[in-house]
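Presented below is the structure to which this report refers.
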Amino acid sequence: MNIETIAIHAGNHNDPTTKAVIQPIIMSTTFERGEDGGYPGGYIYSRSSNPNRSALEQVLAQLEGGIEAAAFSSGNAAGMAVFQSLPAGTHIILPDDMYHGLRNQIKNLFAGILEFDFIDVNDTELLQQHIKPNTGVIWIETPSNPLLKLTDIKKAVAIAHAKGIKVVCDNTFATPVCQQPIALGADLVMHSATKYFGGHSDLMGGALIAAEKSDWWLKIRQVQEMGGAIPSPMDCYYLVRSIKTLPYRVRGHVNNAQLLAQFLEDHPKVERVMYPGLPSHPQHDIAKAQMLSFGGMLSFCIKGSEDDTRKVVNSVKLFTQATSLGGVESLIEHRASVEGLDTKTPRNLLRVSVGLEHIDDLIADLKAAFNSF
Ligand SMILES: *Cc1c(COP(=O)(O)O)cnc(C)c1O
C-alpha cells in the first residue's frame, strides 16, 4: 500500500457494535474480565494498552515500515524511554547538532548513568574514533535541528552494525513522507508527534518505531508500560485523525519550503539558507540519495546583527514568532536565544517552520520584514 492509503486506513477500525466508520474514543481506564478471569476484549488497563493507542501504534508502525510502534506522551518521553532501556554504563554517540531539549535531557538526567559523546556523526573517521567497547547506540537526527545538517543513514548504519551497535534515527523533521530510515537500515525511529503528525500545534505526543521485535524492543515496551509516559485516548484519537492528512500536508509544506528557500537565497539581505532541497546545501547529494522529498523546515542567516534578526521577527505579520514546528501555520524563531547559554547556533540565524498558507503571502510578509533593517 502507498503512504496516503496507509495514513487513512491503518489506524482506523470501524466499530463492530455501532458500525461507526470512525473508531470511537475509549476513555475507560479498565476493562471487564471474563468468567474464567481472562480478558475477552483483549484489554486490561489503559496504562498497559488502550484501543485508541493500539490504533495509533499500528498506523505509526506501517508509516515507517516498522514491525511495531510505541506511543508516548511527548517526543522527549519517547527519547527518554530509549535511554532508560539501556544498561547503566552504556556509551551513546549523539550528533553535535540535535534537538536541544533531548541534548539537555541526556546531559542533565543521565549524567553518571550513561556515557555520551556529541560529535559530527556524519564524519566517518570521527565516528569510528569514538566507538568504544561499551558503545550501544549511535543516535542520528537528519535533517538536524536547527542547522539542517544531514547524516548519511546507510553509512552510519554500516559502521554501527559492523560493531553490533544499534542506530536510532530522530525522523521528526523529515516525517516518513520524506524519509524512511528503517528501509535504510536504522533499528529504531523516534518522533515528536507534537510536530507534523499532530500537524495543528494543539497536542503533544511521541513515538518509537522498531525495525524488529528484539529483546531491546521488549525492554522499551516495559519502559512504556511501567514508566507510564503514555498519551491519553483523546490525544491518540486526535493523532490518528491528523495522520490521515499527513502525506498531503507534508507535500504542501515541502512545496512551500522549496519556494521560500529559493526566495531567501536570492535575497540581498540573506547571508545563507540551510535547506536540503537547495543545490547549494553542502550535503544536497546525500539529501537526493536518501530523502524522498526535502521537508518543510529551513533556517537562514541574515546579513546583519542579532538586533537586526530581532527586527525581522518583530516585523512579520503572517509568521508567528514562536518555537515548535510542523503545524499548518508558519512559525519563525530566533533559535540561539531559546537554546540557552551553551548554544553554538549563529546569533543571526532564524529557523522557519514553513506552513500551508499561500506561498505568495508568505514571501510578501518576509519581503516587507526585511525592510526593517
Ligand atoms: C520537538 C522535538 C523533539 C521533542 O519532542 P516533544 O514532543 O517536544 O517532547 C525531539 N526531536 C525533535 C527533532 C524535535 O523537533
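Search segment 222-236 for residues that are closer than 22 Å to PRO24 by Cα and pair each with any residue that is among the β-branched types (Val, Ile, Thr) and at pLDDT 95 or above when their beta-carbon atoms are under 7 Å apart and the residues are at least 6 apart or on different chains.
PRO233/ILE25; PRO233/ILE26; MET234/ILE25
Considering only segment 162-192, how many residues are part of a loop (DSSP other than H, G, I, E, B) and of a type in the set (Lys, Arg)? Steps first, answer last, please.
We begin by selecting, within segment 162-192, every residue part of a loop (DSSP other than H, G, I, E, B); these are 163-165, 171-174, 179-187.
With the extra rule that they be of a type in the set (Lys, Arg), the set shrinks to 163.
Residues that pass the stated criteria total 1.
Tell me, which residue of segment 67-115 that is surrounded by fewer than 18 Cβ atoms within 10 Å (Cβ to Cβ) and of a type in the set (A, V, I, L, M, F, W, C) is nearest to TYR237 (Cα to Cα)?
The qualifying residue nearest to TYR237 (Cα to Cα) is ILE67.
Look at segment 279-290 and say how many of its residues are buried (at least 20 other Cβ atoms within 10 Å of the Cβ) and under 20 Å from ASN348 (Cα atoms). Steps first, answer last, please.
First, pick out the residues of segment 279-290 that are buried (at least 20 other Cβ atoms within 10 Å of the Cβ): 281, 286-287, 290.
Filter once more, so that each one left must be under 20 Å from ASN348 (Cα atoms): 281.
Of the residues in that region, 1 qualify.
Would you say PRO231 is crowded, with 21+ Cβ neighbours inside 10 Å, more than 16 Å from the chain's Cα centre (by Cα) and of a type outside the set (D, E, K, R)? Spell out the reasoning first.
Working: crowded, with 21+ Cβ neighbours inside 10 Å: yes; more than 16 Å from the chain's Cα centre (by Cα): yes; of a type outside the set (D, E, K, R): yes.
Answer is yes for this residue.
Return the total of residues in segment 78-126 being among the charged types (D, E, K, R) and away from the ligand (no atom under 16 Å from the Cβ). Explain how you work it out, then say what you get.
Step one: filter segment 78-126 for residues among the charged types (D, E, K, R), giving 96-97, 103, 107, 115, 117, 120, 123, 125.
Subset that is away from the ligand (no atom under 16 Å from the Cβ): 115, 117, 120, 123, 125.
Number satisfying all stated conditions: 5.
Consider ILE26 carefully, then state whether it is in contact (Cβ under 8 Å) with a residue 24 or more places away in the chain, closer than 26 Å to GLU68 by Cβ and over 22 Å from the mean Cα position of the chain (by Cα). Before the answer, list the steps.
Numbers: in contact (Cβ under 8 Å) with a residue 24 or more places away in the chain: yes; closer than 26 Å to GLU68 by Cβ: yes; over 22 Å from the mean Cα position of the chain (by Cα): yes.
Taking the combined requirement at face value, the residue satisfies it.
Of all residues in segment 336-370 being touching a strand residue (DSSP E or B) at 6+ places or on another chain (Cβ under 7 Å) and not β-branched (Val, Ile, Thr), which is surrounded by the fewest Cβ atoms within 10 Å (Cβ to Cβ)? Break it down stepwise before answering.
Step one: filter segment 336-370 for residues touching a strand residue (DSSP E or B) at 6+ places or on another chain (Cβ under 7 Å), giving 336, 346, 348-354.
Then drop every residue that is not not β-branched (Val, Ile, Thr), which leaves 336, 346, 348-351, 353.
Values: ALA336: 20, PRO346: 18, ASN348: 20, LEU349: 22, LEU350: 26, ARG351: 23, SER353: 26.
Within segment 336-370, the match that is surrounded by the fewest Cβ atoms within 10 Å (Cβ to Cβ) is PRO346.
Pick out, from segment 1-119, the helices (runs of 4 or more DSSP H) lying fully within it that include 2 or more residues that are over 30 Å from LYS149 (Cα atoms). Before you say what the answer is, go through the steps one by one.
Values: elements: 3-9, 51-63, 75-84, 100-109.
Helices (runs of 4 or more DSSP H) meeting the threshold: 3-9, 51-63.
Quick one: which residue in SER192, SER201, SER214 is within 16 Å of the ligand (Cβ to nearest atom), polar (S, T, N, Q) and surrounded by fewer than 24 Cβ atoms within 10 Å (Cβ to Cβ)? I'd like the intermediate steps shown before the answer.
Details: SER192 fails: surrounded by fewer than 24 Cβ atoms within 10 Å (Cβ to Cβ); SER214 fails: within 16 Å of the ligand (Cβ to nearest atom).
After applying the criteria, what remains is SER201.
Filter segment 254-306 down to residues that are under 26 Å from GLY185 (Cα atoms) and of a type in the set (Val, Ile, Thr), then give me how many there are.
Of the residues in that region, 2 qualify.
Only one of ILE209, ILE159 is more than 15 Å from the ligand (Cβ to nearest atom), modelled with pLDDT of 95 or more and either assigned to a strand (DSSP E or B) or of a type in the set (A, V, I, L, M) (or both). Can you tell me which?
Details: ILE209 fails: more than 15 Å from the ligand (Cβ to nearest atom).
Result: ILE159 is the single residue among ILE209, ILE159 that is more than 15 Å from the ligand (Cβ to nearest atom), modelled with pLDDT of 95 or more and either assigned to a strand (DSSP E or B) or of a type in the set (A, V, I, L, M) (or both).
The values are calculated or read from the model by the stated rules, or taken from the named source; none is laboratory data. This one's a predicted model, so the numbers in the text were calculated from it and none came from an experiment. Cβ atoms come from the backbone with ideal geometry, glycine included; neighbour counts cover every protein chain shown.
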